[in-house]
Amino acid sequence: MSQRFFVLDTSRCFGCHGCVAACATANGTPAGLLWRTLLKLPPDDNAANTVYLSVACNHCRNAPCVRACPSRALEKRSTDGIVIHRAERCLGCRYCQMACPYDAIRWDAARGVVSKCHLCYDRLDRGLEPACVETCFAGALTQVLSMDEDGSGDSVLRQCSREAPGLIDHPGVGPSIRFAQRWEGRPSGPRPQAQGAAPGGER
Amino acid sequence: MAGASASEQGRRTHFTTCPYNCWPINCGLEVTVEGGRVVGLRGNPHHDLSRGMLCVKGQSALEIHTSPERLRAPLRREGPRGGGRWQRVGWDAALDEIADRMRRNIEAEAPQANALYHSHGNIVQRINWKILTPRLANLTGMTLWDGNFPCWYDVGLAQELTGFYGLHDPVEIGACSAAVVSWAQDPCASMANMVPYLLQVRDRGGMLVTIDPRVTQTAALSDVHIRPRLGSDVWLANAVAGLLIRGGAVDEEQMAAQTFGYERYREHVLDLDPVHAAAECELRLDEIEGLAELYATTRPLCTNLTRGALGKHWNGVQMVRAVLCLIAVSGNVGIAGGGAVWGERIDWNLDLQAAERRPRGVHFPENNLNAIDATLEAGAIDVLLVIGGNPMSQWPDLNRLRRQLERVGLGVVFDLFMNHTAREVADLVLPGTSWLEELGLRASGTRMYAMDKVTGPLAECREASWWMDRLARRLGIDDYFPWRTKQECLDACLDTASCRGMTIQNLLERPQGMAAVLPEVPFADGRFASPSGKLELFSQRAAQLGLEPLPVYSEPIEGVRSTPELARRYPLQLVSARRNTHFHSFHDSHRAIPTLATLEPGPLLHVHPRDALTRDLADGDEAELLNDRGTARVRVELTTEVLPGHVSLNDAWPELNVLTAARCPIDPAVTAALGVGGQPSYQNTLVELRRAQG
């Protein structure tokens, strides 16, 4: 079964939150209800290795929210594995929120239903990129359609990491997100010095 | 209709720009209208600089236009100032009241008692800022103050003293630069639209360097991060220049041809022992040597000094001068991909400001903090029009300012939303149109874009020139707006050499914008705007005006080293910083924009865990930040993004400016002579932090 993945290049994301607002604007979510979140892992002391993670629903392979929903309001689309929430079937029981290990499901108190990222499937179906991807100044956030559900057959995804600091790959859940680090200068490993820097005294 | 394309469903697409003022790029917007209502907004994919992308503020921009909090009608205060009671009045009554009070001052031969302050809200429409507002002030003889002064005026002074401005284009930087040094700049936080061009440099194998005491978002994308002691930049730049000269990396022939005062500058920087400089900067010597190696061997190298951060230091003019001189001796002036990134290069038809009609024989206080502070302290301003600005949250030393503004006879605020100044100081509040409700122009780098009028004005909201014309007429000026239409006015503003061939009509037809007629590489012709016609390493103008002609370090007026007594009580250096989710105090400090208000619900102070530990503060705690000038309430975030002994605050929330001092190193006479200079020393502020009391 095919699966669509978010791919985040942690060596490019700089934490601007543009994706967070693009999602809200494109999907018309109620004021202050944001499907996408930006996580910041502060740098080590005396280093500049801050990590920013732009995350939303991971459209998991074995989505716990889908299994937890008693009214089949959450379903996994067969064509690309996107987990779509149907508000008209939602009971507002919030079991899915409790089941989600990534805290990706929001409570819409005014309507008494949950809501979440649907990977802009409506835009994808019209040949457009998701709003969060389209607005990314760094080109850090992209999406890939893989022909197999854990991405191991995809040449791009194979080179990516399944985990990033702050997001763990719960076994058996299978979050459809991968992390690229196309630039090696950060976030870990020795930081390059300016070319030809002479050794000097300690501070 | 030009600038709009209609589809079958009666939907129309219009192109405009984002309503925030980032430099040098203002992103393009595509707006969809259906049945007269704006139904969609996204990045304009045709805009050749932003290419369809938008940051968090641009993406939330529709919330500005559609906000239920927007002012809808002119309001007159009822009861005491700051009491929060307002009565709707008509435009005629409001303008009559302003004109009557202004006329009284004019007839008493004190036209300077009528003052106008305009700032970023007015800058959104470039011609309002550049032409239509100064024109009103000149024709009616008002004191004119401008939001440039708190923002970048000492940086501008340093450029003026050197005769060199930088002004390189982001596209050129992305394509040509071998390295970009972001010197006290965090474009990732303040100008996200510059990031594609920085990353383009990195993707080509170029080097990104950040010089900042904080771990900024830009530092996290950089190959090298140098963290000098706050305010020690003159030491750093001079030491690097000295190492270049010592190492024989400076083209002395080029210096003789291109610069003025090289010998004196050379002697000055060679006098400095790099080991001493390293100690002053609290850096390792090899960090300074590494930076010198980079400046010596990497060409073209662009130094990103865009706008105002260094100018907010007591020693800011010298800091910027030191960096500009370093750019020169490293051979990065007048070459593609070198220089410094800066603002817009396109000129407007400034003849339309009608400066020649400003009353003679009147001393108008300069646009300089010292002059403004003295004028307000003397109670010499009777009418104050605030247009798209919010001095109560933006100018320093709020308690002092509050006392000064109480003495203003009539306070008027023109804006989209209520704000701190409107609530506390205004007697009249006038409702402005949003950027989607007026036709306008926007420059970006070396290109010009139209801002299409997408819809009619909300309720009684009006654009600035509409009410300015009616105010001018009440004061007997009937040619404030001599054009038949706004289109005619915009075409007149474009009547300059660099805008050749541009009209509002052909800009509306080109969502990709139009290129201005400008030299491809700034200063490639070797001509500089200085008395010698060269880039002045030794500034003759500075010498004439009693300023230091060579870049020298001086201790800040308030700092851990310079005022140790004070530092015993207030040991923390306060740094104010930009965040992506805030643009100055726009839109009532963004509380009117739900997405931004959710992402940044209040002032957040970055504190090093060690400083928090000794103060018994945990992440997320409410705390008070205080000094002798006042106390501000903040929430703390524990992070190693700041060094111990430093705290960093997201700026432009009401009441935080109780902490900053109304101090500025530049005499108004300098501003009178050169038209720039007079920025508050916001960054020289000592504070203490404690758990919130009650």
>> Step by step: first the residues of region B:201-213, then only those that are in a helix (DSSP H, G or I) and at the interface with chain A (Cβ under 10 Å from one of its Cβ atoms), then the one that is surrounded by the most Cβ atoms within 10 Å (Cβ to Cβ). Which residue is that?
In response: B:Arg202
> Quick check, is B:Val171 within 24 Å of B:Leu369 (Cβ to Cβ), away from chain A (no Cβ under 14 Å) and either touching a Lys or Arg at 6+ places or on another chain (Cβ under 9 Å) or modelled with pLDDT under 95 (or both)?
Replying inline: no
> Of these, B:Val329, B:Val333, which one is in contact with a helix residue (DSSP H, G or I) (Cβ under 9 Å, 6 or more places away or on another chain), of a type outside the set (Phe, Trp, Tyr) and closer than 30 Å to B:Ile123 by Cα?
Replying inline: B:Val333
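Restricting to region B:174-187, count the residues that are under 20 Å from B:Asp651 (Cβ atoms) and either free of Cβ contacts under 8 Å to residues at least 60 places away in the same chain or more than 10 Å from chain A (Cβ to nearest Cβ) (or both).
4
Conditions tested, residue by residue: (1) in the same structural domain as B:Ala422 (by TED's automatic domain parsing); (2) of a type outside the set (Asp, Glu); (3) assigned to a strand (DSSP E or B).
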position	(1), (2), (3)
B:Leu41	no, yes, yes
B:Asp48	no, no, no
B:Gly52	no, yes, no
B:Arg70	no, yes, no
>> I'm told B:Ala158 meets every condition in (1) surrounded by 20 or more Cβ atoms within 10 Å (Cβ to Cβ); (2) in a helix (DSSP H, G or I); (3) touching a Phe, Trp or Tyr at 6+ places or on another chain (Cβ under 8 Å) except one. Can you identify the failing condition by its number?
In response: (3)
> Has region B:225-246 got at least one residue that is of a type outside the set (A, V, I, L, M, F, W, C), closer than 20 Å to B:Ile335 by Cα, without any contact (Cβ under 8 Å) to a residue 60 or more places away in the chain and outside any loop (DSSP other than H, G, I, E, B)?
Replying inline: no
> In region B:601-626, how many residues are at the interface with another protein chain (Cβ under 10 Å from one of its Cβ atoms), surrounded by 20 or more Cβ atoms within 10 Å (Cβ to Cβ) and part of a loop (DSSP other than H, G, I, E, B)?
Replying inline: 1
> Considering only residues of region A:38-49 that are in contact with a strand residue (DSSP E or B) (Cβ under 6 Å, 6 or more places away or on another chain) and touching a residue at least 60 places away in the same chain (Cβ under 8 Å), which is nearest to the other protein chains (Cβ to nearest Cβ)?
Replying inline: A:Ala48
>> Which pairs turn up if I take residues in region A:20-33 that are more than 7 Å from chain B (Cβ to nearest Cβ) and look for partners that are assigned to a helix (DSSP H, G or I) with beta carbon separation below 6 Å, at least 6 apart in sequence or on another chain?
In response: A:Cys23/A:Ala131; A:Cys23/A:Cys132; A:Ala26/A:Ala131
> Scanning region B:358-392 for residues that are modelled with pLDDT of 95 or more and small (Gly, Ala, Ser), which turns out nearest to B:Val425 (Cα to Cα)?
Replying inline: B:Gly389
> So A:Phe6 fits all but one of (1) out of contact with any Ser or Thr (no Cβ under 6 Å at 6 or more places or on another chain); (2) within 11 Å of another protein chain (Cβ to nearest Cβ); (3) buried (at least 21 other Cβ atoms within 10 Å of the Cβ); what number is the exception?
Replying inline: (2)
> Are any residues in region B:529-551 of a type in the set (S, T, N, Q) and either touching a Gly at 6+ places or on another chain (Cβ under 6 Å) or part of a loop (DSSP other than H, G, I, E, B) (or both), and if so, which ones?
Replying inline: B:Ser530, B:Ser532, B:Ser539
>> For a quick check of your reading: which helices (runs of 4 or more DSSP H) sit entirely within region B:89-152 and have at least 2 residues that are over 14 Å from B:Ile387 (Cα atoms), in the same structural domain as B:Leu490 (by TED's automatic domain parsing) and among the aliphatic types (A, V, I, L, M)?
In response: B:91-107
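Using the structure shown, decide if B:Gly82 is among the small types (Gly, Ala, Ser), closer than 25 Å to B:His584 by Cβ, crowded, with 20+ Cβ neighbours inside 10 Å and in the same structural domain as B:Phe481 (by TED's automatic domain parsing).
When the stated conditions are applied, B:Gly82 does not pass them.
Tally up the residues in region B:251-279 that are in contact (Cβ under 8 Å) with a residue 60 or more places away in the chain and either within 13 Å of chain A (Cβ to nearest Cβ) or on the phi > 0 side of the Ramachandran plot (or both), please.
The number of residues fulfilling the criteria is 1.
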> Taking strands (runs of 3 or more DSSP E) that do not extend beyond region A:50-99, which have at least 1 residues that are more than 14 Å from chain B (Cβ to nearest Cβ), within 16 Å of A:Thr37 (Cβ to Cβ) and at pLDDT 95 or above?
Replying inline: A:51-55
>> Out of the residues in region B:329-344 meeting the condition of being modelled with pLDDT of 90 or more and outside any loop (DSSP other than H, G, I, E, B), tell me which one is farthest from B:Pro522 (Cα to Cα).
In response: B:Val329
>> Just checking, does region B:234-243 include any residue being in contact with a His (Cβ under 6 Å, 6 or more places away or on another chain) and within 28 Å of B:Ala542 (Cβ to Cβ)?
In response: no
> Among the residues of region B:455-483, which ones are under 21 Å from B:Ser434 (Cα atoms) and assigned to a helix (DSSP H, G or I)?
Replying inline: B:Ala464, B:Ser465, B:Trp466, B:Trp467, B:Met468, B:Asp469, B:Arg470, B:Leu471
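The values are calculated or read from the model by the stated rules, or taken from the named source; none is laboratory data. These figures come from a predicted structure and were not determined experimentally. Note that each Cβ is placed from the backbone with ideal geometry, even for glycine, and that neighbours are counted across all protein chains shown.
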